[in-house]
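S.K.: Starting off with a structure, shown below.
The values are calculated or read from the model by the stated rules, or taken from the named source; none is laboratory data. Everything numeric here is computed off the predicted structure, so don't read it as measured data. FYI the Cβ positions are ideal-geometry reconstructions off the backbone, even for glycines, and counts take in every protein chain you see. Remember, those area values only see protein heavy atoms, side chains included, never the ligands or the DNA or RNA. Shrake-Rupley method; radii C 1.70, N 1.55, O 1.52, S 1.80 Å.
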Amino acid sequence: MRKVVKFGGSSLASAEQFRKVGEIIHADQERRFVVPSAPGKRDADDTKVTDMLYACYDLAVEGKEFKEQLKEIKERYQEIINGLSLDISLEEEFKTIGKNFKDKISRDYAASRGEYLNGIIMAAYLGFEFVDAATVIRFDEKGEFDANVTNELMRERLNALDAAVIPGFYGAFADGTVKTFSRGGSDITGSIVARAVKADVYENWTDVSGFLVADPRIIYKPETIETITYKELRELAYMGASVLHEDAIFPVRSEGIPINIRNTNAPEDKGTWIVESTCQKPKYVITGIAGKKGFCSVNIEKDQMNSEIGFGRKVLQVFEDNGISFEHVPSGIDTMTVFVHQDEFMHKEQKVVSGIHRLADPDAIDIEADLALVAVVGRGMKSTRGTAGRIFSALAHANVNVKMIDQGSSELNIIIGVANADFETAIKAIYDIFVLYQL
């Protein structure tokens, strides 16, 4: 059995955290491939190493002196090395980094050094082989991740090794130029490694014990989700729930590899299992609640709209022409509503309104601002009668006015539009009716 384990920045912020990670890895000899992030914050007032590297490189680009800033980063790593009593030196690595910064090599290179250096330390601490991600993760000439080439390179390199450390967050073009994923990209690296070695499990270790049913900033100590499917996770992640980078799902999904979200500071907790499908019934009817503020709705009215072929296409064409993406498009017989991000839309609203009038000739257009969308997600909703009724009853009881309802044909989620001011109240009401009162 093979396990790939990825550790986030908070799990590797100090020597003390490194020791916890070492204990976790050595406690299970199936944990053979390790993907580390760069050191995160040691406390609330601290700075992530990646942000320190960005700031340092920006000084270099501006032609300013950056030696002191680079020295601070070096000291951060030396503190970890000393705390672990390791007999290694990063002196030559920092000389190379300093030279490349002076040559303004690239911002992606600068950001990637956090994971690269942490990988060297982790490999030395565990006694594992160090594999530079730039040699096994490939991006094409357009800057897109090349999954097929990467899988071949990674598989060939790792199959020859018993255990290895592969830094997260970055890869390279064919010429060796470093390219990074988006923030949180170490999750993706872990998933790529899991696919290449055909791992039985991909463990993603962070500072929480799995996914929570709702945002802990809104709900006090929300319940943990025991098992969630890839589809449910995608729905929740899209609506703002974040523990795992959503793109990390795709490599393992194609191989049917489950992901286990675990807590470095509470390794005894089972965490959350992310799977393709399951016969296990969820603990509650819903799996999770997530949402976002800052939307507005564009309500379009026209008599006999439903009989006019191409009406919807004409309306959406206007949004496309103005570079605005839409979130949801609920419609009725004579009405159509387009939900968009308010900050994207507000500067182009009159262009959009005139464009819709020109192309679709509606009877009226009305814009409503300061709206929020709440997603209620759960595979259990499909087999449970009255779920929507319970949601709207709870919202009515909490005096929340529902602006929009949109349910997918899969019956996996229900999207509700409410005023920004009612966002937290709505989430609390839904959580209470499905979770708190069921405990």
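S.K.: Quick one: angle between helix 311-321 and the longest Cα principal axis of the chain, in degrees between 0 and 90, rounded to 10, please.
M.R.: 40
S.K.: Mind ranking 252-265, 189-202, 322-335, 360-373 by how tightly packed they are, going by the mean number of other C-beta atoms within 10 angstrom, highest first? Let's see the in-between values first.
M.R.: Values: 252-265: 18.9, 189-202: 24.6, 322-335: 14.3, 360-373: 16.3.
Ranking, from highest mean packing down: 189-202, 252-265, 360-373, 322-335.
S.K.: I've got another one for you. What order do you get for 302-312, 338-348 when each peptide is scored by the mean count of other beta carbon atoms within 10 Å, highest first? Walk me through the numbers before you get to the answer.
M.R.: Values: 302-312: 13.3, 338-348: 17.5.
Ranking the peptides 302-312, 338-348 by packing returns 338-348, 302-312.
S.K.: While we're on this one: Mind scanning LYS48/LYS221; LYS67/LYS102; LYS41/LYS270 and naming the pairs with a C-alpha gap bigger than 19 Å? Before the final figure, lay out the partial values.
M.R.: On the way: LYS48/LYS221 26 Å; LYS67/LYS102 10 Å; LYS41/LYS270 25 Å.
Correct reply: LYS48/LYS221; LYS41/LYS270.
S.K.: Provide ARG379, ARG313 ordered by accessible surface of protein heavy atoms (probe 1.4 Å), highest first. Mind dumping the intermediate values first?
M.R.: On the way: ARG379 50, ARG313 150 Å².
So, going from the largest accessible area down, we get ARG313, ARG379.
S.K.: Hey, another quick one. Sorting ARG113, ARG42, ARG155 by accessible area (1.4 Å probe), largest first, what list results?
M.R.: Ranked from most to least accessible, the order is ARG42, ARG155, ARG113.
S.K.: Angle check, please: helix 387-397 long axis (alpha carbons) against the longest principal axis of the chain (alpha carbons), in degrees 0 to 90, nearest 10.
M.R.: 80
S.K.: In whole angstrom, note down how far apart the Cα centers of segment 139-198 and segment 240-256 are.
M.R.: One Cα centre to the other: 15 Å.
S.K.: Then there's this: Express the relative contact order of the chain as a whole percentage, based on alpha carbon pairs under 8 Å and six or more residues apart in sequence. Working shown, then result.
M.R.: Values: 857 pairs, mean separation 57.4, N = 439.
Value for the chain: 13 percent.
S.K.: Arranged from highest to lowest average of other beta-carbon atoms within 10 Å per residue, in what order do the peptides 205-213, 394-402 appear?
M.R.: On the way: 205-213: 22.2, 394-402: 15.2.
Packing proxy ranking, top to bottom: 205-213, 394-402.
S.K.: Treating the beta-carbon of each Lys and Arg as +1 and of each Asp and Glu as -1, no other charges, what is the dipole magnitude of segment 132-232 about its Cα centre, to the nearest 20 debye? Don't jump to the answer; show the numbers that get you there.
M.R.: Numbers: 11 positive and 17 negative charges, 25 e Å.
Around 120 debye, computed over segment 132-232.
S.K.: Taking the Cα centre of segment 20-132 as origin, work out the dipole magnitude from +1 charges on Lys and Arg Cβ and -1 charges on Asp and Glu Cβ, in debye rounded to 20. Each step should come with its number before you reach the end.
M.R.: Numbers: 17 positive and 23 negative charges, 46 e Å.
Dipole about the Cα centre, nearest 20: 220 debye.
S.K.: Roughly how many percent of the accessible protein surface of segment 332-382 is carbon and sulfur, given a 1.4 Å probe and a whole-percent answer? Spell out each step's value before the answer.
M.R.: Details: 1210 of 2480 Å².
Answer for segment 332-382 is 49 percent, counting heavy atoms of protein chains only.
S.K.: Once each part is reduced to its C-alpha centroid, what is the distance from segment 15-70 to segment 323-381 in angstrom?
M.R.: 42
S.K.: When DSSP assigns beta bridges and you keep just the ones with both residues in the chain, what percent turn out antiparallel, to the nearest 5? Provide the component values of the computation, followed by the final result.
M.R.: Details: 40 of 63 bridges.
Within the chain, antiparallel bridges account for around 65 percent of the total.
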